[in-house]
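Novice: Have a look at this one.
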Amino acid sequence: MSECVTAERYCFLPGRDPVQRNVRVNIRSGSTSSVKESGIAWDAGLVVASPANAHDHGYGIRTLGFGCADDALESWIANLRLRPRTDPYLETLVAFGRLAKTGVGITMHCHNSLNVDQLVEEASAVVRAAGDVGIRLALSCPLLDHDPWTYGGPDQLRASVTPEDWSVLEPLIPRYGSIEAQLQAIEEIARRHQGGLVDVQYGPIGPQWCSNALLEAIAEASRGSGRRIHMHLLESPRQRRWLNERFPQGIVTYLDDIGFLSPRLAIAHGVQLERREIEILSDRGVQLVSNPSANLRLRSGVAPLSQAAGLGLDVALGLDGTGTDDDQDLWREMRLMRMLHGGRRMEPDYQAERVFHASTVIGRKVTGFGSSTDLTLIDHDRMCEDFLFDDIALTEILLTRMRAQYASGLIVDGNWVMREGQLTTIDFDGACRELLAQARADVPRLQGERKIAGLLHSAIRQHYQAFE
């Protein structure tokens, strides 16, 4: 197999690098050489760096598919009970394959598991799925031990339901493994899988779901191992209010005091961050992963990215499993990022080059693959079929028109993952059919779960009315 692809246009990082014309690109090193011969059949009209999806959850069956419609975050979470029981390998094989088909070669997978006894084997299945698709995987291993269902604990819901309904809900309150057992499971996952195309990370779900003891243990473990941490932080307004009550000194100040903040930490969402908190995070070298579509769909708001950029906080971009059109299209997410934060002045508050820097350079940093040279091939002619001029800025073309359908190829670690629009590594359509069959086989159980989810959803909504 050739070590090079031929491209009419090559720009590794749009907004930073110049566009080179008529080149051969080495698929392992990224080095280029000119193509002199005429009449060549080009592999691609355009080749760029593959973007990184720096925060996601690996939904093979997407959330609306199992009845979890967009809602305020806290009540939306209640309906995640309706996620069907499927093979974790097959679930993530479809999720990762769907991403690869869009030209994305790196993803952060925040694994959704509450059972520490199953975590090691589930993680192995996820790693195998990523390997079979051929993408790079950052695996955020879940850690939580505090306040299930509601901030402050599930007993707060008792007043929002009838005694009869509480008798149904109470036995279902999650029970978590010990801090020691959870951390040991992650060490075992890292022992088995760390290296190559896999980066294992600590994944505290969020400070509202972690005890102080757990947060402090994670900080200490990360210092000792050098392993990265990936954590949700200050996503919704209700989280802001609750964390202000729990940490009067401020949640970011608390995390700083215990040594949690460092360049090894990435926080997802950060919608409710305030200026002083951004300054602290920036000073400590933390990265923020923004999820614009998810934050709009779950009514959390718009993150202060322009302010964050002005204060030097590194920003990456992630889909969080809830892209604008439910299609896991990171290119559309890049476009939304630019439009949401462009501002209203003559000069944009958030420049095009920042979007590409976020989706490549910082995304690779967050996922632990800072030096990767993975490539996405794009059908430039189809994307630009009505152009009158050949000198329109590439950043404008990509941030106005690029969509997943124009991604024609993906090369990860020097290997073809997608070629001519087709995955080379797996039978994606077959995997989708098999996963859907598994999910539909679980519908009889889910019919009973719908009543429980409805009770929980209603109780949570009523409880948080006081937070409005």
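Novice: Which one of the conditions (1) farther than 30 Å from E420 by Cβ; (2) in a helix (DSSP H, G or I); (3) not small (G, A, S) does W149 fail to meet, given that it meets all the rest?
Specialist: For W149, the exception is condition (2).
Novice: A further question follows. Looking at P51, is it modelled with pLDDT of 95 or more and either under 17 Å from H232 (Cβ atoms) or surrounded by fewer than 22 Cβ atoms within 10 Å (Cβ to Cβ) (or both)?
Specialist: Considered against the rule, which asks whether it is modelled with pLDDT of 95 or more and either under 17 Å from H232 (Cβ atoms) or surrounded by fewer than 22 Cβ atoms within 10 Å (Cβ to Cβ) (or both), P51 comes out as no.
Novice: For R21, which of the numbered conditions (1) in a strand (DSSP E or B); (2) in contact with a Lys or Arg (Cβ under 8 Å, 6 or more places away or on another chain); (3) in the same structural domain as F428 (by TED's automatic domain parsing) fails to hold?
Specialist: (3)
Novice: Then there's this: For S38, all conditions in the list (1) at pLDDT 95 or above; (2) out of contact with any Asp or Glu (no Cβ under 6 Å at 6 or more places or on another chain) hold save one; what is the number of the exception?
Specialist: S38 satisfies all of (1) at pLDDT 95 or above; (2) out of contact with any Asp or Glu (no Cβ under 6 Å at 6 or more places or on another chain) except (1).
Novice: Just one of D413, D391, D381 is without any contact (Cβ under 8 Å) to a residue 12 or more places away in the chain, among the acidic types (D, E) and more than 30 Å from T162 (Cβ to Cβ); which is it? Step through it out loud before you land on a result.
Specialist: On the way: D413 fails: without any contact (Cβ under 8 Å) to a residue 12 or more places away in the chain; D381 fails: without any contact (Cβ under 8 Å) to a residue 12 or more places away in the chain.
Of the residues listed, the single one that is without any contact (Cβ under 8 Å) to a residue 12 or more places away in the chain, among the acidic types (D, E) and more than 30 Å from T162 (Cβ to Cβ) is D391.
Novice: Before we move on, is G323 assigned to a loop (DSSP other than H, G, I, E, B), buried (at least 24 other Cβ atoms within 10 Å of the Cβ) and touching a residue at least 24 places away in the same chain (Cβ under 8 Å)?
Specialist: On the way: assigned to a loop (DSSP other than H, G, I, E, B): yes; buried (at least 24 other Cβ atoms within 10 Å of the Cβ): yes; touching a residue at least 24 places away in the same chain (Cβ under 8 Å): yes.
Taking the combined requirement at face value, the residue satisfies it.
Novice: Now for a different question. Among the residues of the stretch 421-432, is any among the charged types (D, E, K, R), assigned by TED's automatic domain parsing to the domain that holds G103, within 26 Å of the chain's Cα centre (by Cα) and surrounded by fewer than 16 Cβ atoms within 10 Å (Cβ to Cβ)? Working first, answer last.
Specialist: If we filter the stretch 421-432 for residues that are among the charged types (D, E, K, R), which is where we start, we get 427, 429.
Next, from what is left, pick out any that are assigned by TED's automatic domain parsing to the domain that holds G103: 427, 429.
Then drop every residue that is not within 26 Å of the chain's Cα centre (by Cα), which leaves 427, 429.
Right, trim to surrounded by fewer than 16 Cβ atoms within 10 Å (Cβ to Cβ) and you get 427, 429.
Checked the stretch 421-432: at least one residue is among the charged types (D, E, K, R), assigned by TED's automatic domain parsing to the domain that holds G103, within 26 Å of the chain's Cα centre (by Cα) and surrounded by fewer than 16 Cβ atoms within 10 Å (Cβ to Cβ).
Novice: Within the set of pairs 6 or more residues apart or between chains, which connect a residue that is free of Cβ contacts under 8 Å to residues at least 40 places away in the same chain inside the stretch 297-308 to a residue that is among the hydroxyl-bearing types (S, T, Y) and crowded, with 16+ Cβ neighbours inside 10 Å with Cβ atoms less than 8 Å apart?
Specialist: Hits for this filter: A303/S290; A308/S282.
Novice: Something else now. Select from the stretch 156-188 the residues that are under 14 Å from L456 (Cβ atoms) and surrounded by 13 or more Cβ atoms within 10 Å (Cβ to Cβ) and list them in ascending order.
Specialist: Going through the stretch 156-188, the residues under 14 Å from L456 (Cβ atoms) turn out to be 156-158, 160-162, 165-174.
Selection gives Q156, L157, R158, S160, V161, D165, W166, V168, L169, E170, L172.
The values are calculated or read from the model by the stated rules, or taken from the named source; none is laboratory data. Everything numeric in this text was worked out from a predicted model, so none of it was measured. Cβ atoms come from the backbone with ideal geometry, glycine included; neighbour counts cover every protein chain shown.
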